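K.L.:
Below you'll find the structure I mean.
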């Protein structure tokens, strides 16, 4: 039952993200409280420690993307909460799936919109400007109506589902 909660939490986040391009902080906090409570009840102090390690992994690996607006804060917070549920090893495996699925979705989207060349050039211009000016400006522009943007909660949900397939 405890393993079903991260899937439901991710699915709820997908609905919010698609509807409003945001994930409610209440949703994140509810998930965080449930994750730590579940870890405490299942494994006591060891569960809390594993949950804290699982929380830190997505933050340390992906947190640097937020100031550049290359990834949304809600996506990173959701992955951190999922890390509490899953622990350090399982969240790493799910992160690999999530990032791979996100990359494939992005490539398909850019190819179908015939924007690959334009986005690669944009990335290198952005990188050059950052290295020259050291100024952090948002990488992404606009909401989901922009063809280069997508709700990343969908790859997160699929990564969690594939991570569970491996676990059993």
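K.L.:
Quick one: count up the residues across segment 23-47 that are part of a helix (DSSP H, G or I) and either exposed (fewer than 15 other Cβ atoms within 10 Å of the Cβ) or touching a residue at least 60 places away in the same chain (Cβ under 8 Å) (or both).
P.N.:
Within segment 23-47, residues that are part of a helix (DSSP H, G or I) and either exposed (fewer than 15 other Cβ atoms within 10 Å of the Cβ) or touching a residue at least 60 places away in the same chain (Cβ under 8 Å) (or both) number 13.
K.L.:
For the subset of segment 60-81 comprising residues that are assigned to a loop (DSSP other than H, G, I, E, B) and under 10 Å from the mean Cα position of the chain (by Cα), which member is surrounded by the most Cβ atoms within 10 Å (Cβ to Cβ)?
P.N.:
In this case the residue turns out to be 72.
A quick yes/no check of all residues on (1) modelled with pLDDT of 85 or more; (2) farther than 24 Å from residue 42 by Cα; (3) within 15 Å of the chain's Cα centre (by Cα):
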| site | (1), (2), (3) |
| --- | --- |
| 86 | yes, no, yes |
| 93 | yes, no, yes |
| 123 | yes, yes, no |
| 150 | no, yes, yes |
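K.L.:
Here is a further query. Let me spell it out: the conditions are (1) over 12 Å from the mean Cα position of the chain (by Cα); (2) surrounded by 15 or more Cβ atoms within 10 Å (Cβ to Cβ); (3) over 20 Å from residue 97 (Cα atoms), and residue 6 meets all of them except one. Which number is the exception?
P.N.:
(3)
K.L.:
Let me ask something else. Looking at 52, 16 in this structure, which one is surrounded by fewer than 19 Cβ atoms within 10 Å (Cβ to Cβ), at pLDDT 95 or above and either more than 20 Å from residue 96 (Cα to Cα) or touching a helix residue (DSSP H, G or I) at 6+ places or on another chain (Cβ under 6 Å) (or both)? Working first, answer last.
P.N.:
Details: 52 fails: either more than 20 Å from residue 96 (Cα to Cα) or touching a helix residue (DSSP H, G or I) at 6+ places or on another chain (Cβ under 6 Å) (or both).
Going through 52, 16 in turn, the sole match is 16.
The values are calculated or read from the model by the stated rules, or taken from the named source; none is laboratory data. The model shown is predicted, which means the values in this text are computed figures rather than measured ones. Please note: Cβ atoms are built from the backbone with ideal geometry, for glycine as well, and neighbour counts cover all protein chains shown.
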